[in-house]
Amino acid sequence: MNLTVEQLFHKMLREMGPQGWWPADSKWEIILGAILVQNTNWQNVTQSLQRLDTLTGFDPEAVSALSIETLQEAIRPSGFYRNKSRAITDVFRWLERHAFDLAAIRQAYQTSLRSELLTLFGIGNETADVLLLYVFDYPVFIADNYARKFLTRLGVAHADTYQSVKDLIRLPQNFSVLDAQEFHGLIDVFGKQHLTNDRSWQASFLHGAKLQL
C-alpha cells in the first residue's frame, strides 16, 4: 500500500479521529510547554505548567516579570530547570520587546521568523517549528523523534536526523494550519501506541504501508 503524504494524513485521521493538538488553552501556555517538554515527558511538564498557572495565570507580562529563582523553582519538575528558565526568560523578553503582539511579530519577520526564533537561547529546530505551527500559524512539518521513527517504518530512507526529514517532507500546498497541527498530533499519538516495538507496529493499521514522496 503506497500512500502520499496527503493520503497518509487522511487515513490516519479516519482511523484515529481528531487529536486536537496542542494540549493547551492559550498560546502563552503552548510557548511554555514547548520549552519545558525538551528532554522530558509530558507528565513532568504538566506539573510545571500547573505551578506556572498558579503564579501567573499564563499572563505573558506576569511570566516575563518572574524572578529567575521563582521561575526555576516552578519548573523544577521538568528537569534542566536552569537552562529552561533562561530559555523562558529569553523568549518572553523577546516577546515583550514586541509588545506581546504575536500577529505583529508574524508580520514583521514573515519568512525569516524561524531564523529569528533560532537566535533565542534554548530554541532549537524542533521547538522553533512547534512555535511556528502552534503560535504563529505557519503550516510546517515537525520532524520530531516520533516522526523520524514513523517515516523509517514507512520505508523512507535517511529519516534519521531532524534536518534530513525537513528536507524530505513537504506538506501538501492545500494543507491548512489545522491540518498540519492534526498531522503532528496524529503522528505523535500513533508513535506512542504503535512504535514502541516490532509487535506494536505489526499490529497497527499502517503495517505494510509505504510513503510515496
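The values are calculated or read from the model by the stated rules, or taken from the named source; none is laboratory data. Source: prediction; values computed, not measured. Cβ atoms come from the backbone with ideal geometry, glycine included; neighbour counts cover every protein chain shown.
So here's what we get for this one:
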quantity: Every pair of residues 6+ apart whose Cβ atoms lie under 9 Å, when the first sits in the stretch 136-152 and is under 16 Å from THR196 (Cβ atoms) while the second is basic (Lys, Arg) and in a helix (DSSP H, G or I); calculated: TYR146/LYS192
quantity: Residue within the stretch 64-76 that is part of a helix (DSSP H, G or I), of a type in the set (Ser, Thr, Tyr) and without any contact (Cβ under 8 Å) to a residue 12 or more places away in the chain present; calculated: no
quantity: Matching residues in the stretch 157-190 - criterion: being in contact with a Lys or Arg (Cβ under 9 Å, 6 or more places away or on another chain) and surrounded by fewer than 19 Cβ atoms within 10 Å (Cβ to Cβ); calculated: ASP160, THR161, TYR162, SER164
quantity: Among (1) closer than 30 Å to ALA209 by Cα; (2) among the charged types (D, E, K, R); (3) surrounded by 12 or more Cβ atoms within 10 Å (Cβ to Cβ), the one test that GLU73 misses; calculated: (1)
quantity: Boolean, ASP179 is modelled with pLDDT under 95, not polar (S, T, N, Q) and not in a loop (DSSP other than H, G, I, E, B); calculated: no
quantity: Qualifying residues in the stretch 148-162 (those that are outside any helix (DSSP H, G or I) and under 15 Å from VAL5 (Cβ atoms)) - the one farthest from the chain's Cα centre (by Cα); calculated: GLY155
quantity: The stretch 1-24 - residue that is surrounded by fewer than 16 Cβ atoms within 10 Å (Cβ to Cβ) and under 15 Å from the mean Cα position of the chain (by Cα) and, of those, farthest from ARG82 (Cα to Cα); calculated: GLY20
quantity: Cross-chain or 6+ apart pairs with Cβ under 8 Å, the stretch 186-204 first and under 15 Å from ALA147 (Cα atoms) and in contact (Cβ under 8 Å) with a residue 60 or more places away in the chain, then assigned to a helix (DSSP H, G or I) and of a type in the set (Phe, Trp, Tyr); calculated: LEU186/PHE9; ILE187/TYR146; ILE187/PHE150; ASP188/TYR146; PHE190/TYR146; PHE190/PHE150
quantity: Residue count for the stretch 106-118, restricted to those that are out of contact with any Leu (no Cβ under 7 Å at 6 or more places or on another chain) and more than 14 Å from VAL130 (Cβ to Cβ); calculated: 8
quantity: Qualifying position, being closer than 23 Å to GLN110 by Cβ and over 15 Å from the mean Cα position of the chain (by Cα), among PHE175, PHE136, PHE141, PHE205; calculated: PHE175
quantity: Residue that is nearest to the chain's Cα centre (by Cα) [pool: residues in the stretch 191-200 that are outside any loop (DSSP other than H, G, I, E, B) and surrounded by fewer than 17 Cβ atoms within 10 Å (Cβ to Cβ)]; calculated: LYS192
quantity: Failed item in (1) in contact (Cβ under 8 Å) with a residue 12 or more places away in the chain; (2) surrounded by fewer than 20 Cβ atoms within 10 Å (Cβ to Cβ); (3) assigned to a helix (DSSP H, G or I); (4) hydroxyl-bearing (Ser, Thr, Tyr), with THR40 passing the rest; calculated: (3)
